[in-house]
Each structure stands twice: as structure tokens, then as C-alpha cells.
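Comments concern the structure below.
The values are calculated or read from the model by the stated rules, or taken from the named source; none is laboratory data. Everything numeric here is computed off the predicted structure, so don't read it as measured data. Cβ: placed from backbone, ideal geometry, glycine included. Neighbour counts: every protein chain shown. In case anyone asks, the SASA skips ligands and DNA or RNA and just uses the protein heavy atoms, side chains included. Shrake-Rupley method; radii C 1.70, N 1.55, O 1.52, S 1.80 Å.
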Amino acid sequence: MNIEQYISKLHDIGALKFGSFTLKSGAVSPFYIDLREMISYPEMLKATADLLAGKISNIPFDYISGVPYTALPVATLLADKLNKSLIYIRKEEKSYGTKQSIIGKYEKGKKCLLIDDLITSGESIMETAEKFKNAGLHVEDVAVIIDRSAHGTKLLSQHGFRLHALFDIHLMTDVLERSGRIDEKRKQDILDFAERLDNRRPKVYSNALTRRLLKIIEQKQSRLVLSLDVDNQRDFFNILEQTAPHIVMLKTHVDILSDFDSSFIEKLKYYAHAFDFMIFEDRKFADIGNTVKKQYRGGIYKISQWSDFVTVHGIPGDGILKGLFDGLEQKASFLLAKMSSEGNLMNDNYTRKILEMGRKYPEVVSGYIGHGHTADEIKRLKNKIPEGQLLLMPGVRINPGKDALGQQYTGVGEAVRGGADLIIVGRDITRAKNPEEKARVYKSESVRYDYL
Ligand code: S5P
């Protein structure tokens, strides 16, 4: 059986499934791989061992180990074929007897080849390798059937392991498309999902506020920012109460409220604490450092006392960041890199300069407000965002379109597929008959390509 026949056969026996699968994290994946049932197909088990044997023929090793349970039968067959002895680590820690968790005889200082069914983040296989190392064995090579990450080889090599995969998702989708088992759209969905999966891996985020935001995203399984642009406190808190469980951040325009008073801030802080969301006053500062310093700290709103984040225009130069944040702790900004409104003057050159400015101030710039009309356009912007900073996208709605005053909306699916770290949604939720239900829909759409 060659690799193309093998992949097709995996699909035929139901080991590769396509559709919509809710993962443990709540995220929805367009594909699912389950190789456990392969043991019911002797010819597939044998083919797996044969193909793996070909793949590792040039690697020197002393023992073979399969990660229980799925990879163990394959490793056993391979050990037989290559006349090597088998060892493995029991899945459950033994709490009695010898406490020895490696099963099988081995000598310290020898090399062990690890076999697993698939790698996603590579973390679990590295954990297993660590256990062998602690037992005095060397592990340098890892062989898997499927590398379903977009950059698995790179990831493992950064940790000193060589990955040998029978196939990756690129080959898998190519073969299945060519044989008519999936269409082009499904192929793209799968590749996009894998790409997301890699992009969303924990990185070194720019500052403590960004890290807190990311933690909330993970805990609430949401990337939704609600823009609550209503003009009175009653509506404000009514909508907030319904939507708060689904959002990770609340975006305010405090100067829209006609009945603002200091009780508003107290109440807002109470909700933020009770429902675990961050606060983002969308003030869009755009003046010289000395002026914004006063606007931010003073006046009737005293924004710096209650808002975690504010939006900032870079047009006056980086003095604006110094004016805003000098002497303050635990406050950060989002720079406006590309607006959603029709005819805005932010061209590619401007966007580039904003990203350059933000890159220099990771402590006070958590990310950028950016917009694009298609997933590809958003992806291009996202790829330029400096490491550790975020892309927040407004002008997002379930149905793309425009409002009467130049606001442009991109479909939420495009925004999320393009890699927006957070989506900002306003009227489509606040004016909905049932804001709770609407917020729930946006929440689940926002993590569609996540794998947390
Ligand atoms: O380019 C932008 C930047 C921002 S912050 N376009 C935007 O629409 N916004 C804000 O996002 C805008 O001020 C509003 O509060 C929100 C979008 O609201 P919606 O009702 O159009 O979803």
C-alpha cells in the first residue's frame, strides 16, 4: 500500500472524519482523526507498520516505544518486524508495587524511538519523551502517523527532537481532494484551522494586561468584545447583565451616556469583577502628550482610574503614548492601525508606521484596531502584527454590509478565519431582540478555529 492509498483507506474506514466536531475546549473543528479503531483492520495495521519501517529505516535506535493506547499495537508490530524490543510507559501511574512506570527491560544510556498516532501541539509527546529521559534513556526521534499541526516539525526540532510523520495535513487534504473525498472548500477550512491552531499557541505577550486578557479568553472560550454604545445607564446595565457571561471585554464610549455619574463607574467595576471581563474605553486619544495626559486622568470621567485599555491614534507621534502612560501602572492601549469606516485615510503606509510605533512600546501597547474585508486581507494584516500583540477587529457582523454613516461590516466568519484575536461587535448585539442569545452566537463563532 502506498501512502496515497493508505490515506484514502483511513478515510474509508472512518478514521478521518470531516464535518463539524466540537472539541473538548468547545471549539469547532472541521475534521476529526481517530485511529483507535484501526485495530479492527489487520491490513491497515500492517500497512502502518510497513510505512513507518520505511520512514525510520536510517535511524539508529535500541528500543521501540508506543504511546498507549492507540500507538501500542502499531509499535508492537513494528518491533516484531524490525526485531527490536519494546518498552512503554503505562498510562496510569501505578500506586503500589515497584512504582516502576516503564514496562519492559531496558538499559540506561540506550536510544529509544517513540511512536505515537498523531501530534497536535507536540506537548504530550514531549512529556512522554521527558519521562524516558528521566529513566536514563535517550529520545531523539519521534515517529507518528499524522502530523496534524501546520508546523509540527519545526516545533519539535526547537526542543531537540526529529519528527518523522507518514503524512501531514497538507498531503492528507491533497490526496482526499484529488480522490474526490473532500471538496476544495473543505480542504481550505481544514488548512485554515490548522494554521489557527499554530498561531494561537501561547507566546510571550507584550504586558501583564494582555496576558490577563488571554487568560480570560481561554477560561470563557470567547473572543468577543461587546461595544455597548447606548445613551443611558438603565439600558447599559440591562444589556450588560445579559451579555456579560459571553464577553471577555466591554468597550465603552462613556461620553455617550446622558446620565453619567460616579455610581456608573462603581457599578461597572462591580460587573467586571463579578463576570470576569476587562474594560476598554474607546476614547481614541489624538492630541499632544500634555493634553492627552489631562484628558486621560482628569475631567469628569477620570478614565485612567477605571479603564484597563484605551484606544489611541498614532497621528501625533509617540509622545502621545508617553503623555498617556508615564507614571501609570497596569494600563495599556490599542493603536488604531486600520479603521472600518468607508473612505478612511489610513493607507497601507500609515498602517505600517503605526505597527512600527507600537512595536517599540510593548509595555503600553497591547495590540491594534484593524479591519479587512476578507479573511485574506485580515490575514495579511495579522501577519504583520508584532509578536505578542493582538489584532482587534471592529466592523464585524453576522451579515456583511454597511450602515447609513459609512460603517462597513465584514462577516464574522471572515474576521475569525482571518485571525482576528478579538472581534468587536456593537449594535448587532445591543439592538437585538435577545442580546443574550446574539452574544452567545458571536461568542461561539469567535472561537470557531481555536484549539485551546
Ligand atoms: O475602525 C473602527 C474602530 C472602532 S474602535 N471602527 C469602529 O467601528 N470602531 C468602534 O467599534 C466604533 O466606535 C463602535 O463603538 C464599534 C462598532 O460598533 P457597531 O455597532 O458598528 O458594531
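Just the residues that are open to solvent by 50 Å² or more (accessible area, probe 1.4 Å) and either of a type in the set (Val, Ile, Thr) or under 18 Å from Phe280 (Cα atoms) (or both), please, taken from segment 307-337. If you could, list the steps in order and put the result at the bottom.
Step one: list which residues in segment 307-337 are open to solvent by 50 Å² or more (accessible area, probe 1.4 Å), which gives 315-316, 322, 326-330.
Scanning segment 307-337 gives Ile315, Leu328, Glu329, Gln330.
For segment 155-175: of the residues being of a type in the set (A, V, I, L, M) and over 20 Å from the mean Cα position of the chain (by Cα), which is farthest from Asp116 (Cα to Cα)?
Only one residue fits best here, namely Val175.
Exactly one condition in (1) within 16 Å of the ligand (Cβ to nearest atom); (2) hydrophobic (A, V, I, L, M, F, W, C); (3) within 20 Å of Gly426 (Cβ to Cβ); (4) open to solvent by 20 Å² or more (accessible area, probe 1.4 Å) is not met by Leu345; state its number.
Exception for Leu345: condition (3).
Please go through segment 12-38 and pick out each residue that is open to solvent by 50 Å² or more (accessible area, probe 1.4 Å) and at pLDDT 95 or above.
The answer is Asp12, and nothing else.
Output yes when any residue across segment 245-260 is within 16 Å of the ligand (Cβ to nearest atom), in a helix (DSSP H, G or I) and open to solvent by 20 Å² or more (accessible area, probe 1.4 Å), and no when none is.
Yes: one or more hits.
What helices (runs of 4 or more DSSP H) completely inside segment 101-185 contain at least 1 residues that are within 19 Å of Tyr88 (Cα to Cα) and in contact (Cβ under 8 Å) with a residue 40 or more places away in the chain?
Passing ranges, in order: 123-134.
Farther than 22 Å from Pro386 by Cα and surrounded by fewer than 22 Cβ atoms within 10 Å (Cβ to Cβ) - does that describe any residue in segment 204-220?
yes
Need pairs with beta-carbon distance below 6 Å; first residue touching a residue at least 40 places away in the same chain (Cβ under 8 Å) and within segment 262-277, second part of a helix (DSSP H, G or I) and surrounded by 14 or more Cβ atoms within 10 Å (Cβ to Cβ); sequence gap 6+ or separate chains.
Partner pairs satisfying both residue conditions: Asp276/Ile216.
Take the conditions part of a helix (DSSP H, G or I), open to solvent by less than 70 Å² (accessible area, probe 1.4 Å), modelled with pLDDT of 85 or more and of a type outside the set (Val, Ile, Thr) and apply them to Asp189. Does it pass? Please lay out each step first, then the result.
Details: part of a helix (DSSP H, G or I): yes; open to solvent by less than 70 Å² (accessible area, probe 1.4 Å): yes; modelled with pLDDT of 85 or more: yes; of a type outside the set (Val, Ile, Thr): yes.
Spelling it out, Asp189 is indeed part of a helix (DSSP H, G or I), open to solvent by less than 70 Å² (accessible area, probe 1.4 Å), modelled with pLDDT of 85 or more and of a type outside the set (Val, Ile, Thr).
Taking only segment 372-402 into account, find how many residues are open to solvent by 10 Å² or more (accessible area, probe 1.4 Å), within 14 Å of the ligand (Cβ to nearest atom) and under 15 Å from Phe334 (Cβ atoms).
Summing the residues that are open to solvent by 10 Å² or more (accessible area, probe 1.4 Å), within 14 Å of the ligand (Cβ to nearest atom) and under 15 Å from Phe334 (Cβ atoms) in segment 372-402 gives 2.
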